[in-house]
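First comes the structure, then the notes that go with it.
The values are calculated or read from the model by the stated rules, or taken from the named source; none is laboratory data. All values reported here derive from a predicted model rather than from experimental measurement. Ideal geometry is used to build each Cβ from the backbone, glycine not excepted, and the neighbour counts take in all protein chains shown.
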Ligand SMILES: NC(=O)c1ccc[n+]([C@@H]2O[C@H](COP(=O)([O-])OP(=O)(O)OC[C@H]3O[C@@H](n4cnc5c(N)ncnc54)[C@H](O)[C@@H]3O)[C@@H](O)[C@H]2O)c1
């Protein structure tokens with residue numbers, strides 16, 4: 001089966017990125033948000049990213065034109081009904097995700113593939129709530145989507161070969177590298193990355209060093225392009241807190257437990273770059 005029209009649910013950090021790369025690579029793309037204000041914010045972030053990337057020669061005017069031609073925004077779920085694939089990138093909460101997939105299941109034809117960009121939920125826990133478990137796949141992109149090459153492609157016990165192949169082909173056409181993964185909590189990257197990020201917060205709690213020094217130590221000592229606390233600010237501390245809850249429930253291992261400082265910062269609304277403040281001010 002060939003994917004021509006792509007629907008994206010959510011135009012936050014990840015949804016806007018997936019919408020960006022889909023439209024830039026020639027797919028007719030529709031992105032759906034809960035309100036016009038959030039939709040405008042998400043679409044605006046694509047424009048901001050493009051302006052900076054073009055100035056740094058990391059994107060082209062052609063890419064900008066492709067996005068203008070191929071991308072539309074909506075606040076109506078019905079506008080996703082004739083898409084060949086719908087990629088969900090909404091809040092990391094199984095109840096919210098399943099509620100929207102339930103509505104989409106009624107709206108979309110049987111042929112539409114459903115994909116989730118979840119970081120930590122099991123794809124099968126969403127697929128089994130729909131009448132199309134064979135059409136359900138995981139597509140886990142990384143932030144910032146236009147820059148990051150990896151997409152984890154998750155096949156559940158019920159995903160059909162045809163669906164999986166179509167998802168792999170879609171990822172290839174975005175000029176990304178697909179890593180097929182088993183349907184386990186956190187897949188490959190978050191299973192390894194989340195304990196490391198939480199340990200950086202625990203190091204800060206223990207007053208081992210300042211945020212900047214923790215970040216510098218990991219960049220200069222390990223050759224990482226970004227320090228863990230900066231990365232957490234980019235990921236979003238609210239999303240990280242949701243992920244830790246899900247991963248701790250699954251593995252019951254202390255390395256996945258949320259540090260008190262993370263909980264406190266989320267309660268105070270200091271959730272990282274998107275709120276203007278996290279471990280750093282923006
Ligand atoms: N932040 C990351 O680095 C990252 C990386 C990979 C995957 N993810 C995953 O991607 C998903 C989204 O994360 P994010 O960081 O983009 O979060 P975000 O908070 O930036 O964006 C989520 C967006 O979804 C919207 N939304 C909520 N319910 C909706 C609905 N019913 N219909 C349409 N839109 C709706 C919200 O208004 C919000 O704008 C999560 O599952 C997360 O785990 C995040």
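Please state which one of 233, 215 is touching a strand residue (DSSP E or B) at 6+ places or on another chain (Cβ under 9 Å) and not assigned by TED's automatic domain parsing to the domain that holds residue 150. Steps first, please.
Details: 215 fails: touching a strand residue (DSSP E or B) at 6+ places or on another chain (Cβ under 9 Å).
Going through 233, 215 in turn, just one is touching a strand residue (DSSP E or B) at 6+ places or on another chain (Cβ under 9 Å) and not assigned by TED's automatic domain parsing to the domain that holds residue 150: 233.
Residue by residue, here is whether (1) away from the ligand (no atom under 16 Å from the Cβ); (2) under 25 Å from residue 124 (Cβ atoms) holds:
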| position | (1), (2) |
| --- | --- |
| 178 | no, yes |
| 240 | no, yes |
| 247 | no, yes |
| 254 | yes, no |
| 261 | yes, no |
| 270 | no, no |
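Annotation: of all residues in the range 110-123 being out of contact with any strand residue (DSSP E or B) (no Cβ under 8 Å at 6 or more places or on another chain) and crowded, with 17+ Cβ neighbours inside 10 Å, the one that is modelled with the lowest pLDDT is 120. Residues that are in contact with a helix residue (DSSP H, G or I) (Cβ under 6 Å, 6 or more places away or on another chain) and crowded, with 21+ Cβ neighbours inside 10 Å within the range 245-265 comprise 247, 256, 262, 265, listed in sequence order. Among the residues of the range 126-157, those identified as outside any helix (DSSP H, G or I), in contact with a helix residue (DSSP H, G or I) (Cβ under 9 Å, 6 or more places away or on another chain) and over 28 Å from residue 50 (Cβ atoms) are 129, 130, 131, 132, 136, 137, 154, 155, 156, 157. In the range 158-172 there is at least one residue matching the filter, namely being under 22 Å from residue 11 (Cα atoms), surrounded by 16 or more Cβ atoms within 10 Å (Cβ to Cβ), in contact with a helix residue (DSSP H, G or I) (Cβ under 9 Å, 6 or more places away or on another chain) and assigned by TED's automatic domain parsing to the domain that holds residue 100.
Filtered by the rule that a residue be more than 13 Å from the ligand (Cβ to nearest atom) and either assigned by TED's automatic domain parsing to the domain that holds residue 250 or under 21 Å from residue 12 (Cα atoms) (or both), the range 114-133 gives a lone residue, 114.
When 41, 48 are screened for being under 17 Å from the mean Cα position of the chain (by Cα), within 16 Å of the ligand (Cβ to nearest atom) and modelled with pLDDT of 95 or more, only 41 passes.
Evaluation of residue 229 against the conditions (1) surrounded by fewer than 21 Cβ atoms within 10 Å (Cβ to Cβ); (2) in contact (Cβ under 8 Å) with a residue 24 or more places away in the chain; (3) farther than 21 Å from residue 15 by Cβ shows that the sole unmet condition is (1). Please work out if residue 118 is in contact (Cβ under 8 Å) with a residue 40 or more places away in the chain and within 18 Å of the chain's Cα centre (by Cα). Spelling it out, it is not the case that residue 118 is in contact (Cβ under 8 Å) with a residue 40 or more places away in the chain and within 18 Å of the chain's Cα centre (by Cα). Apart from one condition, residue 89 fits all of (1) within 18 Å of residue 14 (Cβ to Cβ); (2) crowded, with 17+ Cβ neighbours inside 10 Å; (3) more than 14 Å from the ligand (Cβ to nearest atom); the exception is (3). Among the conditions (1) touching a residue at least 40 places away in the same chain (Cβ under 8 Å); (2) under 20 Å from residue 31 (Cβ atoms); (3) within 11 Å of the ligand (Cβ to nearest atom); (4) assigned to a helix (DSSP H, G or I), residue 167 misses just one, which is (3). Within the range 10-37, being in a helix (DSSP H, G or I), within 12 Å of residue 73 (Cα to Cα), more than 8 Å from the ligand (Cβ to nearest atom) and in contact (Cβ under 8 Å) with a residue 40 or more places away in the chain holds for 19, 20, 23.
I'd like to check something: does the range 98-109 contain any residue that is in contact with a strand residue (DSSP E or B) (Cβ under 7 Å, 6 or more places away or on another chain), closer than 27 Å to residue 248 by Cβ and within 15 Å of the ligand (Cβ to nearest atom)? Yes, the range 98-109 contains at least one residue that is in contact with a strand residue (DSSP E or B) (Cβ under 7 Å, 6 or more places away or on another chain), closer than 27 Å to residue 248 by Cβ and within 15 Å of the ligand (Cβ to nearest atom).
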